[in-house]
Every structure is written in C-alpha cells, then in structure tokens.
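Reviewing the structure listed below.
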Amino acid sequence: MQTSIKVKTDKIRDLQKILGYSDIRMAKEIGVTRATYDRAINGGSISARFIAGATVAFRTPFDALFYIETAEQVPAAA
C-alpha cells in the first residue's frame, strides 16, 4: 500500500475565500511557489514544508486542511 497526504481542497478554498487571498497570496503565506500551491490544490503531492507552512500560517490543526490517502500499489507489468 502507498500512503500520501493530500489537501482538503474545499477547506483550503473556503479559508482562502474568507481571508480574501489570491492563489499567489496563499502560496506566499504558506511559503511555497504558486505552482506548488496549484499542484497541491489540484490533488498533487505535497511536502512537509507545505503542511508546516499552512498549519502555522493559518493556525489550523493538520486534519483541518489535510487528509491521508491510502492506495493499493499496482505491480508493474512484466
């Protein structure tokens, strides 16, 4: 099994709307580039830096903005 951490897109977008921040401002507050922010919002992998930056910048617990996704690894074709 493979485990990854993903952004709760609806929650971070709600927070963004409440704060009135653009994507660029959200990325800056978290401490990442806009490309990294966009990738995370669109379901991509995120780093420990993104997680730490978001939880500290917005004073939110981990589970308010993130969830753990577990997927079965598919064996490579022979």
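The values are calculated or read from the model by the stated rules, or taken from the named source; none is laboratory data. Quick caveat, the model's predicted, so the values are computed rather than measured. Backbone-built Cβ (ideal geometry, glycine too); neighbour counts: all protein chains shown.
How many residues are modelled with pLDDT under 95 and either surrounded by 14 or more Cβ atoms within 10 Å (Cβ to Cβ) or touching a Pro at 6+ places or on another chain (Cβ under 9 Å) (or both) when one looks only at region 45-59?
Of the residues in region 45-59, 1 are modelled with pLDDT under 95 and either surrounded by 14 or more Cβ atoms within 10 Å (Cβ to Cβ) or touching a Pro at 6+ places or on another chain (Cβ under 9 Å) (or both).
Out of everything in region 9-37 that is closer than 17 Å to A52 by Cβ and touching an Asp or Glu at 6+ places or on another chain (Cβ under 9 Å), what residue ends up being surrounded by the most Cβ atoms within 10 Å (Cβ to Cβ)?
Checked region 9-37; the qualifying residue surrounded by the most Cβ atoms within 10 Å (Cβ to Cβ) is Y37.
For region 3-22, how many residues are touching a Lys or Arg at 6+ places or on another chain (Cβ under 9 Å) and on the phi > 0 side of the Ramachandran plot?
The qualifying residues number 0.
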